Amino acid sequence: MSVQSSRSIGAEIRETPGCAGPAKANSSETPREAWLIVALLFLFMLINFADKAVIGIAAVPIMKELNLSPREFGLIGSSFFLLFSLSAIVTGFIVNRVQTRWALLTMGLVWALTQFPMLGTVGFATVVACRIALGAGEGPAYPVALHSAYKWFPNELRTLPTAIIAQGAGIGIMVALPLLNWVIVKYSWHWAFGVLGIAGLAWSAAWLVLGREGSLTAAAATVATPTPQRIAYRQLLLSPTIIASWCASFGAQWGLSQALSWQGAFLIKGLGFTQASIGLLGALPAGASVILVIATGWGSQRLLARGVSSRVARGVLGGACVALGGAALAIMPYVPGAPAKIALTTIGVALPSVIYVIGNAVVSEIAPVAQRGAMLAIGTAVSTSAGLLAPYVMGSVIETAATPLDGFNTGFMICGVIMLVGGIIGMALMRPEQETMRWASKMPGAAVGHA
């Protein structure tokens, strides 16, 4: 049996419970409406990451106005992730039973409403409370967005839409940071949050009118079998492939959450730039990630179409990107000059973002459709737990260092080592097609003799 055949069999079993033959939903033709949903989900993630990134671009003005130490500001950055993981897991199980369109609408409204209190006079406690509430609303965003998109695309066609949705994050930062920085310089950091609240309300209105549920789920719901095919969660959670994917994603998330909270301060306090000049510089990692993730997602999908194993086209490729990004950050403290440091931090944050596409595609390749939402959410919870630690660790290191630049150098080196380890684990252990075949052979009605 070929590798491509094994992937097709796994997809049939997952997408059409209890059915031994190919599902109609696995046709290579995708409805045009599916790409409208992808476009809306792209905008959803654009706003999501602008919400995350605004705290970093406003770091220095916030610290000055509220008279915060680096450690206290690190707590603000980490507070965003306090309920992030828990919310992601709970919502992931909910969307196994509730339509994703309503979950996404609720999240969009929560994001908007948590931004408006920042328009007034606030203190440390108010900022922390708003960031905690925002994190709870944004925790499930990426896995639920992917779960929604995967209801329109079969397994072999998911990598490109996943890459497009994921790059809402990169483009969100690339476009939003210069705009938000202009708002901060021209008006105040308070209005940067207000602009994001308005954007969240606008997206919610558009989704209410245009958002739809995919046909793969609708088709599955009409199958006569009363219950879908399932795998015990214990088996899924102990899967070496899934664990490896989450380790690589944890490393990448450490770098991302650190950059979201501290990139602006690094450019100003560490490298000596002014607030007015950091908008485009802060957006460099996001701009690079857009190119890298779209290109790598397309390349991964092409490799799969040519019969290359998922282990290579997804596992080795994704893990290597995280490891190389970690290596870039680990050596950054030893290179002289601001341009070289900016180049290496750009590579170190941008390159590992490939795993956000590939890692979730790997999990969706293994997990049955009835459990996919929960598994994507659990994976998000595991990886984003790095966000609870990374901003605070960086703040603590800066506060105890001889100079701010020394502190930033140490923080980036710690981050690089964590990413390097996670990437190596990903390269070594992600073998999705082997686990798909092993589980498929044990499922009743699985047609394992196609090839």
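The values are calculated or read from the model by the stated rules, or taken from the named source; none is laboratory data. As the structure is a computational prediction, the values presented were derived from the model and not from experiment. We place every Cβ from the backbone using ideal geometry, glycine too, and count neighbours over all the protein chains shown. What goes into the accessible areas is simple: the full protein's heavy atoms, side chains included, and nothing from ligands, DNA or RNA. Shrake-Rupley method; radii C 1.70, N 1.55, O 1.52, S 1.80 Å.
Data table
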item	result
Any chance A350 is touching a residue at least 60 places away in the same chain (Cβ under 8 Å), surrounded by 24 or more Cβ atoms within 10 Å (Cβ to Cβ) and hydrophobic (A, V, I, L, M, F, W, C)	yes
Residue within the stretch 155-177 that is closer than 30 Å to L303 by Cα and of a type in the set (K, R) present	yes
Residue identified as hydroxyl-bearing (S, T, Y), surrounded by 24 or more Cβ atoms within 10 Å (Cβ to Cβ) and more than 25 Å from V209 (Cα to Cα) among T91, T159	T159
Selected residue (criterion: least open to solvent (accessible area, probe 1.4 Å)) from residues of the stretch 287-327 that are without any contact (Cβ under 8 Å) to a residue 40 or more places away in the chain and closer than 14 Å to S353 by Cα	A295
First in the stretch 112-127 and under 24 Å from A205 (Cβ atoms), second anywhere and surrounded by 16 or more Cβ atoms within 10 Å (Cβ to Cβ) and among the basic types (K, R), Cβ under 9 Å, 6 or more apart	T114/R131
Filter result for the condition that a residue is crowded, with 24+ Cβ neighbours inside 10 Å and closer than 18 Å to A169 by Cα, over A381, A377, A367, A390	A377
Listing of helices (runs of 4 or more DSSP H) fully contained in the stretch 78-156 that carry 2 or more residues being modelled with pLDDT of 85 or more and under 30 Å from R306 (Cβ atoms)	141-150
Filtered residues of the stretch 91-106 (kept if free of Cβ contacts under 8 Å to residues at least 60 places away in the same chain and under 17 Å from the mean Cα position of the chain (by Cα))	none
Filter result (loosely packed, with under 15 Cβ neighbours inside 10 Å and either of a type in the set (D, E, K, R) or in a helix (DSSP H, G or I) (or both)) within the stretch 180-205	W182, K186, I198, A202, A205
Residue count for the stretch 206-215, restricted to those that are touching a residue at least 12 places away in the same chain (Cβ under 8 Å) and open to solvent by 10 Å² or more (accessible area, probe 1.4 Å)	6
Subset of the stretch 102-119 that is open to solvent by 50 Å² or more (accessible area, probe 1.4 Å) and of a type outside the set (A, V, I, L, M) - its residue that is nearest to E213 (Cα to Cα)	W102
Selection within the stretch 303-351 - charged (D, E, K, R) and within 19 Å of Q258 (Cβ to Cβ)	K341
Of all residues making up the stretch 393-412, the number that are open to solvent by 40 Å² or more (accessible area, probe 1.4 Å) and over 25 Å from G137 (Cα atoms)	8
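Per-residue answers, yes or no, for (1) farther than 30 Å from P154 by Cβ; (2) not hydroxyl-bearing (S, T, Y):
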site	(1), (2)
L36	no, yes
F42	no, yes
M63	yes, yes
L86	yes, yes
T114	yes, no
T126	yes, no
A129	yes, yes
